[in-house]
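These notes are about the structure you will find just below.
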Amino acid sequence: MKILIAYASNNNTTQMCAKLLGEKLPGADIVNLKRTTPVINDYDTVIIGSCIRFNDVHKTVKNFVGDNLDKLMKVNTAIFLCCGFPEKINQYLLHNIPKKLLNKSVSIQCFGGRLKVKPYKLVDQLIIKTVRKNFKVDKRELTSIDNESISKMADDILKLK
């Protein structure tokens, strides 16, 4: 089975998660959609990964899905999102991914995320500092990478063989 992990990232968290997933799926091709547009017809399974920023998936991912929706409907698909608010994963998915693609995906996971202050622009730094402060007020832990969800997606994909 030929597997593609296609992702786009703003702060490298999604890239890191794509690589961690790729380690569990030997032979998978990992493609940064900001640099390369893969040919979906070459794959049996396409895993799509994106960061979430202000409720939206990365614009490159949104365009990739929109431009290739018919092709994606003909292969196995899985979706992962990296975000600082995993409890909002369903909201993010419904807002950004076509329902028919969500319904046919063999695995949908939130891989968590990391709230980093740098290398963002000044406005973004202020927003992230406010979010971090609110986490402390709410006595919540800052989000981290969810390795269990990465393993769960890998297991779901390997069951397709």
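Report, by residue number, each residue of the stretch 55-77 that is polar (S, T, N, Q) and either in contact with an Asp or Glu (Cβ under 7 Å, 6 or more places away or on another chain) or part of a strand (DSSP E or B) (or both).
N76, T77
Quickly run through the stretch 7-29 and pick out the residues that are farther than 16 Å from I150 by Cβ and either small (G, A, S) or without any contact (Cβ under 8 Å) to a residue 24 or more places away in the chain (or both).
Listed by number, the residues that qualify are A8, G27.
Would you pick out the residues in the stretch 50-81 that are closer than 16 Å to I40 by Cβ and under 11 Å from the mean Cα position of the chain (by Cα)?
V61, A78, I79
Which residue out of I52, I30 is in a strand (DSSP E or B) and at pLDDT below 95?
Unique residue meeting the criteria: I52.
I'd like to know if the stretch 34-41 contains one or more residues that are in a loop (DSSP other than H, G, I, E, B), surrounded by 15 or more Cβ atoms within 10 Å (Cβ to Cβ), out of contact with any Lys or Arg (no Cβ under 9 Å at 6 or more places or on another chain) and in contact (Cβ under 8 Å) with a residue 60 or more places away in the chain.
Checking the stretch 34-41: not a single residue is in a loop (DSSP other than H, G, I, E, B), surrounded by 15 or more Cβ atoms within 10 Å (Cβ to Cβ), out of contact with any Lys or Arg (no Cβ under 9 Å at 6 or more places or on another chain) and in contact (Cβ under 8 Å) with a residue 60 or more places away in the chain.
Looking at the stretch 66-104 only, could you name the residues that are closer than 15 Å to I157 by Cα and buried (at least 20 other Cβ atoms within 10 Å of the Cβ)?
Residues satisfying the conditions are T77, A78, I79, F80.
Checking the structure you have, find out if any residue of the stretch 82-99 is assigned to a strand (DSSP E or B), of a type outside the set (A, V, I, L, M, F, W, C) and either at pLDDT below 95 or within 14 Å of the chain's Cα centre (by Cα) (or both).
no
The values are calculated or read from the model by the stated rules, or taken from the named source; none is laboratory data. Nothing here was measured: the structure is a model prediction, and the numbers come from that model. Neighbour counts are summed over all protein chains in view; Cβ atoms, including those assigned to glycine, are modelled from backbone coordinates with ideal geometry.
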